[in-house]
Structures are given as structure tokens and as C-alpha cells.
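These notes are about the structure you will find just below.
Every number here is computed from the coordinates shown, using simple stated rules; none is lab data. All of these numbers come straight from a predicted model, not from anything done at the bench. Cβ atoms come from the backbone with ideal geometry, glycine included; neighbour counts cover every protein chain shown.
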There are 2 protein chains.
Amino acid sequence: MKQAGSATLLFERRPYVLSAASVAGKAEEKGPYGHVFDEIMEDDRLGEKTFEQGERKMLLKALHRTVDRVNLPMAEAGCLLAGDLLNQIVTASYAARELEIPYLGLYGACSTMTEALLLGAALVDGGYRDRALCAACSHFSTAERQYRFPLEMGTTAPPSAQRTVTGAGAVLLGAAPLPQAGFHHVRLEAATMGRVRDLGITDANNMGAAMAPAACDTILRHLKDRGMSEGDFDWIVTGDLGDFGSRMLRELCLEASLDMEDRHLDCGSMIYSPEQNYNCRGSGCGCSAVMLAGYVLPQLEKGAVKRVLFLSTGALMSPLSACQGESIPGIAHAICLVYQE
Amino acid sequence: MKQAGSATLLFERRPYVLSAASVAGKAEEKGPYGHVFDEIMEDDRLGEKTFEQGERKMLLKALHRTVDRVNLPMAEAGCLLAGDLLNQIVTASYAARELEIPYLGLYGACSTMTEALLLGAALVDGGYRDRALCAACSHFSTAERQYRFPLEMGTTAPPSAQRTVTGAGAVLLGAAPLPQAGFHHVRLEAATMGRVRDLGITDANNMGAAMAPAACDTILRHLKDRGMSEGDFDWIVTGDLGDFGSRMLRELCLEASLDMEDRHLDCGSMIYSPEQNYNCRGSGCGCSAVMLAGYVLPQLEKGAVKRVLFLSTGALMSPLSACQGESIPGIAHAICLVYQE
């Protein structure tokens, strides 16, 4: 059986996490997890002319680091599944242009990292690829000018707002272990595809609230599809709900009799410290991507946690849909990572 | 063996095409294939307030028609893999909000239809889903204002320009046949993931030329990966290269000793007649989606052709990347469809 319930994929061969890498910005370096990222960008543009070109270079750095780390040529990475927040996901597509491997572009807003891992794991577990390179990224400066206001305007953010993380994370999955791999004990056991949920939130400065119902839905379905309970997981990690969205998620779960207070982590809340004054803290595709690559996977590798449900969470609106009065639909895809001797 | 060469997936169970549907606009109705589409939109907005809401409704119509046609509830469609051309693929995401099934958002520009089918087929063939609903759409009026100029400006197009097709196409794949299915003889045998190719074209009014190298690359690799030749295919169909791009593709293939003059079709060139004066004719995700659902699949079903290599072709730039002086990267994903008794 490789399918469970309405939305869960069971990976019989349990694809291996072979390698991972993260590149992040200065604001992320100053947060509590600044030391876990592989590389910090001294310059937001990485020496390029535009922020967009800098973002692309950041993603390429993460991709190359991930593959170089296991001494493989890029051609051995199988294929790239990636996405970002820019219109037409130009960061991922132009980065893919620099690589000679097949490319599947994804858009799941901030849910992209787990969408990529879910599909990459299916390709590897299904025997269609020996390896798959999965990645996502976001950049504060490119996101601000596309979604909100040009930085030069110096607008202030309301209390529920979150800051888009500048960061790129990549993970290389494989059907077989590699002696030279950075990881030997982390496997993908299952994944759950998200459904779009919308409780009618229209405030684009409160995305955490828009995404929390989707996260709740996916967590409940993952547990139900697999006949498991919250106690089977050491951690349930969400991508970028932020402080407000995280509280809302826990309340929504409690209403469904799921108490995960003592095992819930949110990458968005973790990545910045309260002293950094970023309101409800971090968001963006890059947020869950760098926290997964830099923190969650290494914790699993050393056995500090044995089973983790990891969900990147996305808000699927656009500036245009917001202008047309639409509410913000959310989505969350989950992957289940396990420690294995 | 479920993988071949550097980019090809072999589907051992050969997923079934169970159903398909197409919805198109008035300009498409006036073209040579106007009679093959399931529904023609009398009104570009389908009674909605904005073109974008009309586009969404069009996609929903195609999705519901596809599933209704086989008398299944939407919940039995497995999952939706879909994308479109709007920023943050809001058409697909807001359409998915109306459905209660898992959703995986894709962005491959006009290559989205075959990207969806490739991934949907892998999920079905791999045993992760019993069915998968794959779709793509585009809309002339929403694309013009996002990528070019508001229609109200009345700008004229240069000779190499193509018109974005107003249309939505959907295909339901299944692991097993259904007695009530509309199709009984069309199976997916293999697929090849595209690589990003860029020969340095910077003219956003000449996307066919930007995509032709990618189509050539994917065709050559599909044949090489499977040890096949052009003679093994009755048709090699490209998505929306248009007249200029099609000529370029045939020349590029000839340089690689592949003569496909007598078996190449291009949906973009087919969908409009020369009398419609749309320069190099059709483009857009919806172009290959409606021609696949409305024409290619029915021809396979009745055995008029026995094996077809079908490639949707995408130009991965954005208005911003064009402003920043970037050239236009192209991509093409291929699926191999076969007639089976």
C-alpha cells in the first residue's frame, strides 16, 4: 500500500535525505538560529545588480552546496523541483537555466519546500529517479517590492505582519544511501498533500491566520490517514505561521481534540528573536526551507528527535486577487521524516 | 526499470486516460478546431465581474466536466495538479479552493499541461493515487494585461507575436480503467522532463523562437533515452511554438539529423486559421491543454494514431526579468501517449 486515506502517500522504500544546505541573510544570522545556516550573505544582492539576481545567486549557492557536499556532479542530482515567490517563479527557473538537469517548477507560495519534497520523494520512491534535488527560497527585498511597497518608501508594518525571510534551502533525496553523504539516518516515511482552506481572512498583513486552517487540516488528515496520534511525533513543525498564526493553529487543533502544545514548533516564530522587532516574525518559502536544512534535519540526523511531521504553509493569494477583494486561501503540505539507525 | 537515461520516466502500469474536457473562447471557436471543444464561452468573463474571475470559472468548468463525464464525485479525482499564467497562479489556486481535493500547484508557463500529466502519471503509476486530475488554462484578456498592455490601449502586435489562447483543458488519469469512462484506449507510456534551454532570445514577442530549442532538446532526449526514432511516433506534437517557432524547431531537429517534417504538429499553429490574422497564431498554457483534450486524445482513442509524443512548451521569463534585460529561457516536458486495444 502506497496510499492512505484521501491525501497521504506512503513511501515504501523510504527515500534517504542525502544532503542539505542553507544560505540566509544578515537578519536571519542575527536570529536565534543564525549559527545553523551554512552561509550568510554579507550583501543582499550578492554582488549582483538587482535584488532579483541576488536571490537567484543565493538559490544557486544552496543548490551547488547541497550537491557538492556529497561530491556528486550536478548531473547526478536527478532533477530539480523548486519554486519561489516571484511572479512566474523566475528565481527558480533562471537558476535552473544554469544547471543541466531536468526541472519541474512548482508554485505553492510558502508551502513550496514540502511540495517539492513530497513530489521528489514520490519520484525517488517510485523508482523514476535515483535522486531528486528539492529547493525553495525567498528574499525580503524582492518580496517587499512585489507584494507590498518598494523599500525606499519606508512604510511601517502592522503588528500582525511578518517579515519575509531572505534564505534558500535545498535537500537532496536519494533512493540509496551514499557513503559520502552528510546524512545517514534521515528518511522520508510519508507525505500528505494539502487542500486549499479559506476561512475568509482578507488582511494580507495577517497571513499566519490565513494559513493556520490549512495546517490544521493537513495535520489532522495525516494522523487520520495513518491511524496515528500526536504522540507518535516528537515534533510537529509548521513553516511560517508566525506568532499569531501559531496560536490560532493550536486553538484550531484543540477544537479537534488534538493537543500539540508541547510538540509544536513554527519556523517563522523561531527564526527571529523578539528583540528583532519583526512583529509576528518570519514568513516566506525560504523560512521553512532554511530551518529544515539548517536545524530540523541535523536534529533528526543525530537522533535528538525520532519522528517529525514537517509542514510548509502557503498563502495562495496575489496582489491582484487582494485588489479584487478576494480572501486569502491557505495550503499546507506535510512530510514525515524519521530517524533510522 | 522505471527510469531511462537522464530525464525519462517509464510508466510500467501505463496509466489510463479516463476522461478529458476543454472549454475555449470565441476566437478559438472560429479557428479550424472550434468544433472539437466541449464548451465555448459566449462571454469572456462568463458573467463574472473580472476577466480573472472568468478565467477561474472557465477552469472550474473544465475540471467539473472532466470528472462529471465519468460519473464520479470530485472527491474521487485523487488530487489536482494544475497551473496557469497569472502571477501566483491564482486561477488554479482559487479554483482548487472550490474543490475538496488535494492540490499541487505547478508553474511551467505554457509547459504546465505536460508537467501536470508527467507528475500525475508518476503518482498514479507509482501507486500513490488511484487517480489524478491534471489541468492548465490561459486567458487572452488576463494575459494581455499582465504580460503586455491593457486591452483598452489597443496596441498592435508585431509579426512574430502570438495570441494567448482563451481555454482550459483537463485530463483525468487512472490506475485502472472505468467502464463509464470516455476513453478506453489511451494510455501514458512514458514522459520526459525538460531542461531549461536559452539561446539568448530577448524579444518577448517571439516566444516561439525562445521555446523551440527546449522542444528540440526534449524530443531528442526522449528518443535517445528510449532507444527510439521519429518513425516510432505517428505524431510529434508541440504546444505553442506557433508558425515561426515550429519552423525553427524543425530546422534545429534537422541539424541533429531528425527529420520530423511529416509528423510534426503544433497546437499553436493549428488552433487559429491564417484568416484570423493572429500573426504567428496561438500560445498560452490553455493552447496545448484544449488541443490535447479536444483533438489529440480523441484521435488516439479511435486509433487514428497509435503513438504520439506530446510536448507542452513554456517560456519562463517574467515582465520583470524582461525589464532587467534577461533573455527568455524555454522548457518543454514530453509525454508519450499510446493507443492500446
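If you go through the range A:307-324, how many residues are in contact with a strand residue (DSSP E or B) (Cβ under 7 Å, 6 or more places away or on another chain) and either without any contact (Cβ under 8 Å) to a residue 60 or more places away in the chain or farther than 18 Å from residue A:113 by Cα (or both)?
Start the filter on the range A:307-324 by keeping residues that are in contact with a strand residue (DSSP E or B) (Cβ under 7 Å, 6 or more places away or on another chain), which leaves A:307-316.
Going one step further and asking which of them are either without any contact (Cβ under 8 Å) to a residue 60 or more places away in the chain or farther than 18 Å from residue A:113 by Cα (or both), we end up with A:307.
Adding up the residues that qualify gives 1.
It is to be established whether one or more residues within the range A:132-155 are aliphatic (A, V, I, L, M), surrounded by 24 or more Cβ atoms within 10 Å (Cβ to Cβ), touching an Asp or Glu at 6+ places or on another chain (Cβ under 8 Å) and in a helix (DSSP H, G or I). Write out each step before concluding.
To start, the set of residues in the range A:132-155 that are aliphatic (A, V, I, L, M) comprises A:132-133, A:135-136, A:143, A:151, A:153.
Now narrow it down to the ones that are surrounded by 24 or more Cβ atoms within 10 Å (Cβ to Cβ): A:132-133, A:135-136.
Applying the additional criterion that residues be touching an Asp or Glu at 6+ places or on another chain (Cβ under 8 Å) yields A:136.
Those left that are additionally in a helix (DSSP H, G or I): none.
No, the conditions are met nowhere in the range A:132-155.
Among the residues of the range A:88-107, write down those that are more than 7 Å from every other protein chain (Cβ to nearest Cβ) and crowded, with 24+ Cβ neighbours inside 10 Å. If the condition is that a residue be more than 7 Å from every other protein chain (Cβ to nearest Cβ) and crowded, with 24+ Cβ neighbours inside 10 Å, then A:91, A:92, A:95 are the ones that fit. Apart from one condition, residue A:23 fits all of (1) in contact with a Lys or Arg (Cβ under 8 Å, 6 or more places away or on another chain); (2) within 14 Å of chain B (Cβ to nearest Cβ); (3) among the aliphatic types (A, V, I, L, M); the exception is (2). Against the conditions (1) in contact with a Pro (Cβ under 7 Å, 6 or more places away or on another chain); (2) more than 14 Å from chain B (Cβ to nearest Cβ); (3) buried (at least 23 other Cβ atoms within 10 Å of the Cβ), residue A:186 satisfies every one except (1).
Of the residues making up the range B:111-154, those that are in contact with a Gly (Cβ under 9 Å, 6 or more places away or on another chain), at the interface with another protein chain (Cβ under 10 Å from one of its Cβ atoms) and among the aromatic types (Phe, Trp, Tyr) number 1.
Among residues of the range B:65-80 that are within 14 Å of chain A (Cβ to nearest Cβ), those with a beta-carbon under 6 Å from a residue that is assigned to a helix (DSSP H, G or I) at least six positions away or on a different chain give the pairs B:74/B:67; B:77/B:67; B:80/B:96.
Would you confirm whether any residue within the range A:156-170 is surrounded by 24 or more Cβ atoms within 10 Å (Cβ to Cβ) and either out of contact with any strand residue (DSSP E or B) (no Cβ under 7 Å at 6 or more places or on another chain) or more than 30 Å from residue A:77 (Cα to Cα) (or both)?
Start the filter on the range A:156-170 by keeping residues that are surrounded by 24 or more Cβ atoms within 10 Å (Cβ to Cβ), which leaves A:162-170.
After this cut, where a residue has to be either out of contact with any strand residue (DSSP E or B) (no Cβ under 7 Å at 6 or more places or on another chain) or more than 30 Å from residue A:77 (Cα to Cα) (or both) as well, the list is A:162-163.
Yes, the range A:156-170 has at least one match.
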